[in-house]
1. If I take the Cα coordinates of the range 90-249 and project them onto the principal axes, what are the three extents in Å, biggest first?
2. What residues of the range 189-228 lie in the reach of a label at L99, counting those whose backbone N is under 12 Å from a point 7 Å from the Cα along Cα→Cβ?
3. State, to one decimal in nm², a quarter of the convex hull surface area for the C-alpha atoms of the range 119-209, i.e. the direction-averaged projected area.
4. Do any trypsin sites (Lys or Arg not before Pro) in the range 29-74 lie in a DSSP loop with no more than 13 other beta carbon atoms within 10 Å, and if so, which?
5. At q = 0.25 Å⁻¹, what log₁₀ I(q)/I(0) does the range 62-111 have when each alpha carbon counts as one equal point scatterer in the Debye sum?
6. Given the C-alpha centroids of the range 35-79 and the range 215-231, what is the distance between them in whole angstrom?
7. Express in % the proportion of alpha carbon pairs of the range 66-143 at distances exceeding 19 Å.
8. Using only Cα positions of the range 1-110, each an equal point scatterer, no hydration layer, compute I(q)/I(0) via Debye at q = 0.11, 0.13, 0.21 Å⁻¹ and quote the log10 values to two decimals.
Amino acid sequence: MLRFIPKRVRRFFAFRAPEMLLVTFAVVFFVVVFRHEMFVSIGPGHYGVLWRRFGGGTDTQHLFGEGIHIILPTDKMYIFNGQIQVGEEKLDVLSSDGLKMVVDVVYRFSLNPDEIGDLAKYVGPHYQEKLIAPQVASMARNSFSNNTPEEIFSRRREDIEAALTGDVQKRMDTMFKPDWRPGPALRFVKVWDVLIRGITLPQSVAAAIEAKNRAKQKNEAYDFRLLSEAKEAQRKEIEAAGIEKFQLKVSPGLTESYLQWQGIQATERLAKSNNAKIVVIGAGKSGLPVILGGLDDGKTDTELKLGPSEDTENSDEDVAYEDVRKDASSGAETDAKPTAVGGKSSDKATPGKSSSAKPAAAKPTSSGTSDGAKP
């Protein structure tokens, strides 16, 4: 392979080999030692501003984008985050009524790419601590001093946050206008929003606010209950009117024969059902379940079970039963008297007399004596 290299070149490397090896070693050593200063990697959404030590300082006109860039070891690359960033501040503020409270404020912002070069030159990498945080703290204290804790916790919280965001953005747009730089003010930052993360109140005040809110919710619950009861009363009134109208409309057709027919159908359906049942048939004229027997005669359940009462009017069956009972009792009380027939006594017991009754002794007559009489 060496034969294809010209002799002059081979001769040069042959005589300069030690010097070339030394130069190569020096270059490799230089790259290894200063690799972090020479190779700069810029991530997504970030921008690089180059500061040249021997070339005029900060380059405000040219920004380095994403990727790897090679610079001189004497220069320095400042990287700025162009993405949306989040900052947080805990502030001790006083409300409009002089109450001390701790407010946790969170703000989101992003850098303006057109002004990043001037930001690196006039403010530097610590722009958040120098520009944004002090303005947010100042505007937040001013805003909270005009409101009470109840207003901050209420629906006005969103309004307070929107007003605070607008005030901070307006201040950031007009604050940086140095005398040595002609032209309009530099707008370094875009403030997206300023949010209230939390508010810490004294224990006594927090308890009072909680009790007030609890009483308010209870009052609203009572109002809702009253409204619900009013609606329920209106519903019942409408239902009663409908029932009354229905009864007035169907009452002419509810005859006794129709009700008996409905009772027969109900009894038939009950008898045909597959469930275990005990069918109790009424004892009245209709003899239907549900319709109590005897009610049409003016009798109570007790009278139906125990029989006729002295205070009630007897029916035809009761009168007949009473007559038979009286006849039987009168026959039992009458004594049977024997009569003499053909000189012999005849013992004929009256109906209703028991077999143990003894015949009375026969009295002697003029024609003779009975069989049981002594001479």
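The values are calculated or read from the model by the stated rules, or taken from the named source; none is laboratory data. Since the structure is predicted, the reported quantities are computational estimates derived from the model, not experimental observations. Here the Cβ is made from the backbone with ideal geometry for all residues, glycine too, and neighbour counts use every protein chain on show. In case anyone asks, the SASA skips ligands and DNA or RNA and just uses the protein heavy atoms, side chains included. Shrake-Rupley method; radii C 1.70, N 1.55, O 1.52, S 1.80 Å.
1. 99, 41, 21
2. 199-213
3. Numbers: hull surface 28.8 nm².
For the range 119-209, averaging the hull's shadow over all directions gives 7.2 nm².
4. Values: sites: R35, R52, R53; in loops: R53.
Loop-located and lightly packed - R53.
5. Taken in order of the listed q values, log10 I(q)/I(0) reads -0.99.
6. Rounded to whole Å, the Cα centres lie 68 Å apart.
7. On the way: 1583 of 3003 pairs.
Result for the distance tail: 53 percent.
8. The Cα Debye sum returns log10 ratios of -0.69, -0.79, -1.09.
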